[in-house]
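Everything below concerns the one structure shown next.
The values are calculated or read from the model by the stated rules, or taken from the named source; none is laboratory data. Predicted, not measured: the structure shown is a model, and the values here were computed from it. As a convention, Cβ positions derive from the backbone with ideal geometry for all residues, glycine included, and neighbour counts pool all protein chains shown. Note: accessible area is taken over every heavy atom of the protein model, side chains too, but ligands, DNA and RNA are not part of it. Shrake-Rupley method; radii C 1.70, N 1.55, O 1.52, S 1.80 Å.
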Amino acid sequence: MPDDFAGWFRFGRLVDNQPQALSSWRITTQDLSTANSIGQFFGGIPNRWRTNSPDHFEVLTGTPMVRITLNDPHCITPEMKKWGHKGLMHHCDGSQFLSPHQKKGSYCGCPESLCERKERARSYLGPQPSTEVSFKVSDAPSLGYFRMHSVSWRFAESASAIRDLIN
């Protein structure tokens, strides 16, 4: 997986501190020339947006679907995370801890069934999905690699199935 990324694909945004789902992709980047290229490929005009992260240019595209290219199974990272007021409390892949270092590789205690995992997460007793995908846009590979992150259970299931297919 590359260390350098052109930006993030996002399916929502905050408006007056309220989450808003979008019907087309919002793409953020730290580079104005990349933002301009995104606008040319997908429609939309680059704007600055308020953020503490380096990707301070956003393009609200008119594009609801984008064909992507995944290089290998490692481009999809399905993980489970539980956050608390002191930070990350549980980080696993559903069966083994991924962190902290001293627990890495040991059994995490998560149930095997998806239903049980969801119930534990709803009860604040277990982690929820944290899936990241890195990819190139098939019709514009010259833009570089992008990332997308989701905490959706459905997306996590789909991403794991796709990762298995690529393997």
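Residue selection: Phe155 fails the criterion of being crowded, with 18+ Cβ neighbours inside 10 Å, within 30 Å of Gly39 (Cα to Cα), in contact (Cβ under 8 Å) with a residue 24 or more places away in the chain and of a type in the set (Phe, Trp, Tyr). Output the strands (runs of 3 or more DSSP E) that fall wholly within the range 1-105 and possess 3 or more residues being in contact (Cβ under 8 Å) with a residue 12 or more places away in the chain, under 18 Å from Ala156 (Cβ atoms) and open to solvent by less than 80 Å² (accessible area, probe 1.4 Å), or say none. Those strands (runs of 3 or more DSSP E) span 7-15, 76-84, 87-92. Of the listed requirements (1) at pLDDT below 95; (2) closer than 25 Å to Gly7 by Cβ; (3) among the charged types (D, E, K, R), Arg147 misses just one: (1).
Note on the range 135-151: among residues that are of a type in the set (A, V, I, L, M, F, W, C) and assigned to a loop (DSSP other than H, G, I, E, B), the one that is nearest to Ile162 (Cα to Cα) is Val151. On the given criteria, is Phe135 among the aromatic types (Phe, Trp, Tyr), under 21 Å from Thr28 (Cα atoms) and open to solvent by 40 Å² or more (accessible area, probe 1.4 Å)? So Phe135 fails the test. In the range 106-128, which residues are open to solvent by 50 Å² or more (accessible area, probe 1.4 Å) and of a type in the set (A, V, I, L, M)? Leu114, Leu125, listed by residue number.
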